[in-house]
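Reviewing the structure listed below.
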Amino acid sequence: GRLRLEYRASSHESTMHRALYILQPTTELSGEYKCSVSTFTDEDFMIGKMVVIAPEKHLYLVQSRTALERVNITCRAVGVFPEPKMALFREDVITGDSVKLKARVETIPQDYHYDIEATTTLQDEYLDTPTVFYCELYIPNTSYKRRKSFTYYPGSMESLSSVNNAGTLRRPALLILTMLSILSRLALPRFF
């Protein structure tokens, strides 16, 4: 069974059975429950909601260049229950306040969990050097909240190290050098 039947919430006779001890609760147990109490003279009941929270299996926050002087910020959480919410923020360097970013948020329902992703694209010219970005994942009506952050340096190739896209922007220069090397080896007429 899923219950520890010998569990007692207290040693007092009238309150010892006021709670249940659920063994390894899972998300499919979330829902409304009704508790009924009967005596020889009266009967009463209460209905309560139980939410079993499944924390995310993974929380990613990544950056990538979409074009010159533009950065894409993406936060993704996998395997959360119940349905979560997500927001992207940047910290204001002068005030220290958090500024919520306009982002596209997509929630994908799975079997007894959700995946969620928030994405935004920003231009470097509007960002401070450095800029701290963070992602906040939370479950409404609970105290569950997770954050992930990173520091971004606009215009800097080093800020792309976590995404490993830096090599793609250096390839045109490598191609030009290779072409110059090939052209210099061609048998061109020499004037000396």
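Find the residue count for segment 62-114, including only residues that are under 20 Å from Asn141 (Cβ atoms) and in contact (Cβ under 8 Å) with a residue 24 or more places away in the chain.
15
From the list Phe89, Phe81, which residue is touching a Lys or Arg at 6+ places or on another chain (Cβ under 6 Å) and surrounded by 18 or more Cβ atoms within 10 Å (Cβ to Cβ)?
Working: Phe81 fails: touching a Lys or Arg at 6+ places or on another chain (Cβ under 6 Å).
After applying the criteria, what remains is Phe89.
Tell me which residues, restricted to segment 132-151, are farther than 13 Å from Phe89 by Cβ, in contact (Cβ under 8 Å) with a residue 40 or more places away in the chain and either in contact with a strand residue (DSSP E or B) (Cβ under 9 Å, 6 or more places away or on another chain) or crowded, with 17+ Cβ neighbours inside 10 Å (or both).
Scanning segment 132-151 gives Ile139, Pro140, Tyr144, Arg146.
Taking the condition outside the structural domain of Ala118 (by TED's automatic domain parsing) and either in a helix (DSSP H, G or I) or at positive phi (or both), does Glu28 pass? Break it down stepwise before answering.
Values: outside the structural domain of Ala118 (by TED's automatic domain parsing): yes; either in a helix (DSSP H, G or I) or at positive phi (or both): yes.
Yes, satisfied.
Against the condition touching a Pro at 6+ places or on another chain (Cβ under 6 Å) and either assigned by TED's automatic domain parsing to the domain that holds Ile139 or closer than 16 Å to Tyr144 by Cβ (or both), how does Val62 come out, does it pass?
Numbers: touching a Pro at 6+ places or on another chain (Cβ under 6 Å): no; either assigned by TED's automatic domain parsing to the domain that holds Ile139 or closer than 16 Å to Tyr144 by Cβ (or both): yes.
When the stated conditions are applied, Val62 does not pass them.
Where residues in segment 28-60 are of a type in the set (D, E, K, R) and touching a residue at least 24 places away in the same chain (Cβ under 8 Å), which of them is nearest to Tyr114 (Cα to Cα)? Break it down into steps so the answer makes sense when it comes.
Of segment 28-60, the ones of a type in the set (D, E, K, R) are 28, 32, 34, 42-44, 49, 56-57.
Add one more test, that the residue is touching a residue at least 24 places away in the same chain (Cβ under 8 Å), and what stays is 28, 56.
Values: Glu28: 13, Glu56: 9 Å.
The extreme case among them is Glu56.
Does segment 106-131 hold any residues that are part of a loop (DSSP other than H, G, I, E, B) and surrounded by 17 or more Cβ atoms within 10 Å (Cβ to Cβ), and which are they?
Of all residues in segment 106-131, those part of a loop (DSSP other than H, G, I, E, B) come to 111-112, 127-130.
Answer for segment 106-131, where residues must be part of a loop (DSSP other than H, G, I, E, B) and surrounded by 17 or more Cβ atoms within 10 Å (Cβ to Cβ): just Leu127.
Residues of segment 37-59 being exposed (fewer than 14 other Cβ atoms within 10 Å of the Cβ), assigned to a strand (DSSP E or B) and under 11 Å from the mean Cα position of the chain (by Cα), which ones?
His58
The values are calculated or read from the model by the stated rules, or taken from the named source; none is laboratory data. A quick note: this is a predicted structure, and the numbers were derived from the prediction, not measured. Every residue, glycine among them, receives a Cβ derived from its backbone with ideal geometry; neighbour counts consider all protein chains shown.
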